[in-house]
Structure formats: C-alpha cells, structure tokens
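Inspection log for the structure reproduced underneath, given as structure tokens.
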Amino acid sequence: MDMSSVLFAIILFLAAAAFSIIVFERLGFGVILGSIVAGTLIGPHTPGPVAFDAVEELQSVAELGVVLFLFTVGLEMRPKKFWAMRRMIFGLGSAQMVVTAVMLFFYLFLFVSVPWKTAIIVGLAFAMSSTAIVISILGDRGELGSEHGKTIFAILMAQDLWVIPIMAFIPILAHTQSQFGIPLWEKSILVVGVLTSILVVGRYVLPAVLNYCARRRQMGVFGLALFLAVIYASWAVEHVGISMTLGAFLLGMILSASDFRYQIEAIVAPFKSTLMGLFFVAVGMSINVEELFQRWDLLLLHVPIILFIKSVVLIGLVPFFGISRSAVIRTGLYLSQVGELAFVLLGTSFLVGLLNNQGYTLVMLIVVASMSMTPIIVKYGDWLARRFDIKPTTKELLPITDLNQHVVIIGYDVGAQLIDFLLEEADVPHVAIDHDYNRVCKGKQLGRKVYFGNVYSYTMQEAVSLRTASTIYINSKDAEHAKALAITLQRLYPHVDLYVRVHSLADKDELLAMGIKHVHTDYIESTLAHGRNLLKGLGIPEDTVNDLSDKFRHDDYQLIRYGYVTSRDE
C-alpha cells in the first residue's frame with residue numbers, strides 16, 4: 001500500500017466517521033452507533049471506496065482502546081471497593097451467566113434445532129455482554145458511579161472471569177486437544193504466576209520507574225513505561241486464556257492508590273478515546289451488508305428474542321440483590337446485547353468444528369447486530385425506567401471519584417499546605433495537585449490528599465473533577481504561569497470560583513482587569529504581618545497597630561500604590 005493510498009484511506013476514514021458521528025449525535029443515538037455505521041460505509045463488504053480491508057487486524061489494534069478503558073476504570077476502583085462488590089461480582093454476575101446460558105440453550109436447542117453441543121457454546125457466548133460499548137456509554141453519561149452503573153460493572157467483570165472455564169470447556173465438547181495443551185493443575189499454577197507478576201509490576205516495579213521519571217521530569221519515558229506495563233499485563237493474562245481487559249483492570253486497581261493516579265489518567269485518555277472509536281469503526285467494518293440482507297429474516301427473528309431473553313433474566317435476578325426498580329430496568333436493557341468476547345468464543349468453536357461456515361456467519365451477524373442496537377436500546381431504556389419508577393437519584397449520579405462541590409488546590413508549596421490544613425479542619429472536601437513530584441512526596445508523608453499531574457491537561461482537569469468543583473485555588477510563584485492558568489480555567493469553568501495567589505500588586509491588577517474576582521498578594525500581606533510584629537515588639541499598643549494595618553489595606557493598598565514605587569519584582 002503506497003503513501004497515496006494510505007492518505008486516501010485516512011481521508012475516507014475520517015470523513016465517514018465525522019459525518020456519521022455528527023448525524024447520529026443530532027438524532028440522539030450517540031457516537032457509538034455513528035462509528036459503527038461509518039465502519040460499515042467504508043468497510044470491505046460495502047459497494048464503493050474501501051478505506052481498509054484488513055478488518056481483523058484493525059480490530060485487534062483497536063481492542064487496545066478497550067484495554068486502556070478498563071485500565072482507567074481500575075484506577076478508580078480501590079481494592080477495598082472491589083472487595084466490597086464481591087457479592088455482586090461472584091453472586092449476581094455468576095447467576096446471570098448460568099441462568100442466561102441455560103435459557104439461551106433451550107431456545108437454540110428446542111426451537112431452532114441447533115445441535116446440543118453447539119447450543120451450549122453459543123448460549124454461553126451469547127450470555128456475554130459488551131464491556132466496550134456499555135462501559136463507554138456509562139462513562140459518557142457519567143453513570144459509572146450510579147446504582148445501575150456499579151451493578152453493570154460487577155456483572156461485566158464476572159463475565160470476563162467466565163471466559164477462562166469456557167475456553168477450557170470448548171475443546172472438551174469438541175473432543176479435541178485442550179486449548180491450553182497442558183494439564184489443569186499446571187494451568188492453575190501458570191495463572192497464579194501471571195497474576196503475581198502483575199502484582200509485583202504494579203506494586204513495586206512501575207511505581208519505582210515512574211518515581212524516577214517524575215523526579216527528573218522525563219515525562220516521555222514516564223508514558224513509555226506506563227504503556228509497557230499495561231500492554232504486559234494484558235498480554236500476560238491473555239497468554240493464559242484470560243481476557244486482556246482483566247489484566248489491564250487489575251493493574252489499574254493496583255495503581256489506584258498511587259501518587260501518579262491522575263497523571264496516568266491524563267496520559268492514557270487521548271489514546272484510549274482514539275482507540276475506542278477505532279474499535280467501534282472496526283465492528284462496523286466487519287458487517288457484511290450483502291449477507292445481512294440475505295438473512296434479514298433470521299436476524300429479525302433471533303436478535304429480538306436473544307435481547308429479550310437476556311433482559312428478562314437480568315430483570316428477574318437483579319432485584320434479589322437489593323437494587324431499585326429503575327436500576328433493575330436499566331441493568332437489564334444496557335446488558336441485553338451480545339459482547340465482543342463472543343467473537344473469541346465463537347471463533348474458537350468454529351476452529352474446533354462446533355460451528356459450520358453457515359452457522360458461524362449467522363451467529364457473528366447476530367453479535368454485530370445486537371451490539372449496533374445498544375445505543376438505541378439505552379436511549380429508550382431510560383424512558384422505560386422512568387415510566388416504571390423513577391429518575392436516578394442525585395446520589396446515583398455522582399461520579400465514581402465522589403468529588404463534587406470541592407476545592408481544587410493547584411500548586412503545593414508551604415502556603416498551599418496551610419490552605420490544605422484549613423480546609424481539612426473545616427471539613428471541606430478538597431484535592432491538591434502539583435507537577436513537582438518532590439512536593440507531592442512531602443505532602444504524602446504528611447498524609448495529605450495531593451497528587452502528581454499537569455493541570456493543563458484536559459484529562460487531568462476531568463480526573464480532579466474541575467467541572468463539578470466549587471472553588472479552584474491557584475498557587476504559583478511564577479506570576480506568568482499563574483495568570484495564564486487563571487485565564488484558561490476561567491474560560492473553561494466560568495461557574496467555578498477562582499482564587500489566585502500572586503506576588504505583586506501589578507499582577508493582581510492585571511488579573512482583576514481580566515475578570516478574576518479573588519486575587520491576593522502574598523508578598524504585601526506577609527510584609528504587613530512582619531511589620532505588625534515589629535511594631536508590637538517596639539511596644540506600640542495593639543489598637544494603634546490595628547489602625548495602621550487598616551490604613552495600610554485601605555482602598556486596596558492605595559498608600560503604597562501612590563506613596564511608593566511598586567514593580568513585579570517587589
């Protein structure tokens with residue numbers, strides 16, 4: 001493929017994606033369905049220009065987006081929080097897999113006349129839901145921390161865990177050699193070894209490397225080390241038959257207590273978003289439109305029934321775990337599609353002879369068709385949930401970070417530590433960030449909530465929830481940096497109160513003129529404090545000292561504005 005062809009493919013790819021996404025956003029169906037349609041338009045199975053015909057290779061690369069997404073979800077999931085969800089993951093999640101697979105088996109075996117061995121595997125594969133699509137939708141809608149968001153997340157984690165025994169079961173059904181080629185006990189030891197290696201990397205090796213890079217401001221190496229660790233965790237678990245996403249999630253969860261958590265999110269987010277979009281386009285490119293039209297009657301029959309069975313099973317099971325009615329409806333509908341892990345299970349079944357060519361093509365079309373319908377189901381599922389109960393409560397809609405109406409301290413020197421202490425004593429929720437890792441370490445030693453990161457990164461701003469903050473406190477000795485940051489954040493978050501600490505009156509005047517309401521000068525006030533102590537030491541009465549201080553502060557320090565020369569260097 002020459003450079004001209006590559007450039008044409010990129011132009012076609014971007015144009016189709018932009019057009020489809022804009023149209024479907026306007027129609028209210030979201031980015032995901034628009035991306036899938038874009039992939040269908042430029043895929044190898046559609047008449048007209050083809051951007052890229054190696055769909056499987058593209059999908060393999062794009063799956064890294066799903067991996068990175070689950071990695072960032074892991075960053076938000078402290079081990080204690082994950083352990084607190086064990087009843088949902090191993091109880092509800094496992095019950096959903098078993099009951100759904102049994103119901104689908106009976107449908108396929110009794111009503112569609114599928115051979116029993118094939119019906120078992122297809123039933124198990126169809127019981128899976130799409131982590132990529134559902135988690136992406138929950139993230140976009142800010143529902144990951146909601147009641148139904150947490151329930152859905154637990155079920156998806158359980159489904160990922162179920163891939164291991166199912167992959168081991170497929171060759172047994174087909175009477176072929178085990179997919180792993182080794183005894184089960186050896187396989188178990190290998191799995192434990194891999195999980196232990198990820199724990200060591202996430203707990204000791206990677207933090208040490210990131211610490212080294214942060215202290216020396218080598219952010220390029222910081223990013224490379226991070227991606228290397230994520231890819232290693234994903235590759236290692238897949239090598240022993242576990243879903244890649246579980247390895248990434250585990251590494252993220254290990255790093256969730258790290259000082260670098262927010263900076264890690266900021267680095268990963270752009271790649272995650274791009275690759276996630278590419279994944280949905282690749283799903284669209286795998287749709288064979290000709291076969292879709294040839295088998296439209298079968299798809300029209302089977303897809304709604306499968307969606308219905310999956311929804312009904314969940315709506316029947318979830319209430320036993322104390323979930324509200326609105327969350328029950330949303331959980332059942334959000335997880336009604338068949339997920340991307342079905343591609344792996346069905347592909348393996350095809351290779352060992354459990355599926356013939358015709359059956360394999362049909363089940364793959366069912367998977368893609370059900371995934372494509374998810375944004376529509378979610379859109380109207382909300383309407384249905386409201387009819388049954390109920391809008392999500394304010395508590396449900398809190399972001400998973402639980403940061404809301406809080407104070408964000410930017411820059412963590414001694415002055416900021418004082419602000420941090422005052423907020424802590426006043427029981428005001430707050431978080432601090434600094435790009436100097438040495439300061440972060442000192443703050444951590446004092447038990448403070450301070451994290452390493454660059455606030456100019458949009459993703460870092462999202463990570464500390466600037467959008468929902470009540471106040472931002474900017475603390476920097478670099479006047480130009482403080483002014484530039486204040487102006488930028490004021491434009492991005494006009495509803496948030498900005499407090500800026502500057503050095504001189506000239507800097508203060510400049511920011512006030514630009515609309516920043518709360519600006520104070522540390523040099524002037526600290527000098528005034530020293531002056532008050534000096535006067536008291538000389539025996540001047542307290543009342544006189546207070547009067548002089550008030551006179552000094554009168555009309556925004558007019559006494560020194562006109563009585564003395566001031567400059568940015570003072």
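The values are calculated or read from the model by the stated rules, or taken from the named source; none is laboratory data. As the structure is a computational prediction, the values presented were derived from the model and not from experiment. Positions of Cβ are generated from backbone atoms using ideal geometry, with glycine treated the same way; all protein chains shown enter the neighbour counts.
Does residue 267 meet the test of being within 30 Å of residue 127 (Cα to Cα) and in contact with a helix residue (DSSP H, G or I) (Cβ under 8 Å, 6 or more places away or on another chain)?
On the way: within 30 Å of residue 127 (Cα to Cα): no; in contact with a helix residue (DSSP H, G or I) (Cβ under 8 Å, 6 or more places away or on another chain): yes.
In short, no.
Does residue 91 satisfy being over 20 Å from the mean Cα position of the chain (by Cα) and in the same structural domain as residue 368 (by TED's automatic domain parsing)? Can you show your working first?
Values: over 20 Å from the mean Cα position of the chain (by Cα): yes; in the same structural domain as residue 368 (by TED's automatic domain parsing): yes.
So residue 91 fits the description; yes.
I'm trying to understand the selection: among the residues of segment 145-157, which are surrounded by fewer than 22 Cβ atoms within 10 Å (Cβ to Cβ) and assigned to a loop (DSSP other than H, G, I, E, B)? Result: 145, single match.
Whether a residue is over 18 Å from residue 156 (Cα atoms) and aliphatic (A, V, I, L, M) was assessed, and residue 342 does not pass this test.
This table checks each residue for (1) under 18 Å from residue 338 (Cβ atoms); (2) surrounded by fewer than 18 Cβ atoms within 10 Å (Cβ to Cβ); (3) modelled with pLDDT of 90 or more.
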{"residue": "87", "(1), (2), (3)": "no, yes, no"}
{"residue": "96", "(1), (2), (3)": "yes, no, yes"}
{"residue": "102", "(1), (2), (3)": "yes, yes, yes"}
{"residue": "106", "(1), (2), (3)": "yes, yes, yes"}
{"residue": "119", "(1), (2), (3)": "yes, no, yes"}
{"residue": "131", "(1), (2), (3)": "yes, no, no"}
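Do the conditions hold for residue 133, that is, is it within 15 Å of residue 331 (Cβ to Cβ) and either in contact with a strand residue (DSSP E or B) (Cβ under 9 Å, 6 or more places away or on another chain) or hydrophobic (A, V, I, L, M, F, W, C) (or both)? Yes, satisfied.
Does segment 470-486 include one or more residues that are over 30 Å from residue 218 (Cβ atoms) and surrounded by 15 or more Cβ atoms within 10 Å (Cβ to Cβ)? Scanning segment 470-486 turns up at least one residue that is over 30 Å from residue 218 (Cβ atoms) and surrounded by 15 or more Cβ atoms within 10 Å (Cβ to Cβ).
Could you tell me whether residue 333 is in a helix (DSSP H, G or I), in contact with a Ser or Thr (Cβ under 8 Å, 6 or more places away or on another chain) and in the same structural domain as residue 282 (by TED's automatic domain parsing)? For residue 333, the condition - in a helix (DSSP H, G or I), in contact with a Ser or Thr (Cβ under 8 Å, 6 or more places away or on another chain) and in the same structural domain as residue 282 (by TED's automatic domain parsing) - is met. In segment 237-255 there is at least one residue that is among the charged types (D, E, K, R) and without any contact (Cβ under 8 Å) to a residue 24 or more places away in the chain. The condition (being crowded, with 16+ Cβ neighbours inside 10 Å and more than 13 Å from the chain's Cα centre (by Cα)) is satisfied by just one residue among 269, 248, 282: 282.
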